[in-house]
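In what follows, a single structure is set out as structure tokens and then discussed.
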Amino acid sequence: MSLPGWNSLDAVRKIHNALEGGALLFFAGLVAFDTLAHFNKKYEKLFEEIALLLFAVAVFAEICAYPYSRRNDELSGQALTATEAEIARLRVIASTAEAKANSFALEIATANQRAAEANERTAKIQAAVADRDLSPEQQRNIRGQCARFSGMSVWIRSYPNDLEAARLIVVLKTSLTPYIHIEDRTGQLMATWESAEPILGIRVVPSDTDRPFAEALIKILRKDGGLSVADLSPFSSGLQTTEILVGMKPVVLLREAAAGRK
């Protein structure tokens with residue numbers, strides 16, 4: 001048969017403290033009545049009997065408090081063990097959660113990288129299929145570089161029915177004027193320049209006397225306009241006027257962009 005409050009740590013502590021406190025009080029009473037008996041000879045015997053009774057009660061309280069003291073140590077040890085086990089369990093949960101968080105972070109980083117790569121490929125594809133063009137800033141830069149060639153003349157040609165090239169010629173004319181005289185021969189490229197393969201990109205064909213001008217024009221269109229311009233042929237063209245041949249947009253750029261190449 002278990003004692004009152006035997007299975008509750010809180011109850012065991014309260015009962016033990018109450019018994020210990022009561023024992024101290026009775027011991028204090030013992031001292032008080034023993035002192036009274038010493039100074040009051042008339043009631044000495046009575047005071048000694050009361051003191052003896054208080055001593056007996058105090059000893060009984062200490063005897064009753066002893067098992068509760070042992071039970072308190074036992075239950076405290078069990079509570080400590082349970083607390084340590086719970087802390088270990090929570091640490092395992094926290095470690096698992098941290099591992100999952102790291103895994104999620106890695107997955108997010110991988111997804112972001114894939115999204116960035118996809119966006120980059122999309123941008124390349126969009127640039128590949130978009131019409132060639134010059135921004136207002138590029139047009140101003142080309143116009144500023146052409147100022148030193150004021151008075152020079154250039155013919156501009158393109159293939160028939162190539163609307164994209166025809167549109168680019170309009171932008172080029174705006175960029176090269178007013179310093180360079182432009183003769184627009186849009187759609188007349190096949191009539192004069194026939195070859196085994198079609199011209200891709202832009203080609204500058206110099207006249208016999210204006211080769212340095214043609215070389216400078218290539219650099220300007222490449223650096224300031226960002227256009228795809230072929231290198232200048234080392235051979236003489238036999239032309240009297242430098243020509244800019246606006247060929248078809250290079251479709252190879254689209255294949256490279258679709259493949260994700262840089």
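Table: residues versus (1) modelled with pLDDT under 90; (2) outside the structural domain of Thr241 (by TED's automatic domain parsing).
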{"site": "Ile87", "(1), (2)": "no, yes"}
{"site": "Phe104", "(1), (2)": "no, yes"}
{"site": "Thr110", "(1), (2)": "no, yes"}
{"site": "Asp131", "(1), (2)": "yes, yes"}
{"site": "Ile180", "(1), (2)": "no, no"}
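Among the residues of segment 135-178, write down those that are among the hydrophobic types (A, V, I, L, M, F, W, C) and within 45 Å of the chain's Cα centre (by Cα). It would help to see each step written out before you state the result.
To start, the set of residues in segment 135-178 that are among the hydrophobic types (A, V, I, L, M, F, W, C) comprises 142, 146-147, 149, 152, 154-156, 163, 165-166, 168-172, 176.
If the condition is that a residue be among the hydrophobic types (A, V, I, L, M, F, W, C) and within 45 Å of the chain's Cα centre (by Cα), then Ile142, Leu163, Ala165, Ala166, Leu168, Ile169, Val170, Val171, Leu172 are the ones that fit.
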Those residues of segment 151-178 which are modelled with pLDDT under 90 and closer than 17 Å to Ile218 by Cα, in sequence order: Thr177
Condition met for Ile142 (surrounded by fewer than 19 Cβ atoms within 10 Å (Cβ to Cβ) and either of a type in the set (Val, Ile, Thr) or in contact (Cβ under 8 Å) with a residue 24 or more places away in the chain (or both)): no
Long-range neighbours under 8 Å by Cβ, at least six apart or interchain, first residue basic (Lys, Arg) within segment 34-53, second assigned to a helix (DSSP H, G or I): Lys45/Ala37
Candidate set from segment 25-40 (those that are within 14 Å of Glu62 (Cβ to Cβ) and in contact with a Leu (Cβ under 7 Å, 6 or more places away or on another chain)); member that is modelled with the highest pLDDT: Phe26
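For Phe149, indicate whether it is among the aromatic types (Phe, Trp, Tyr) and touching a helix residue (DSSP H, G or I) at 6+ places or on another chain (Cβ under 9 Å). Steps first, answer last, please.
Numbers: among the aromatic types (Phe, Trp, Tyr): yes; touching a helix residue (DSSP H, G or I) at 6+ places or on another chain (Cβ under 9 Å): yes.
Criteria met by Phe149.
The values are calculated or read from the model by the stated rules, or taken from the named source; none is laboratory data. Only a predicted model underlies this, so the values are computations on that prediction, with no experimental measurement involved. So basically every Cβ, Gly included, is an ideal-geometry build from the backbone, and we count neighbours across all protein chains shown.
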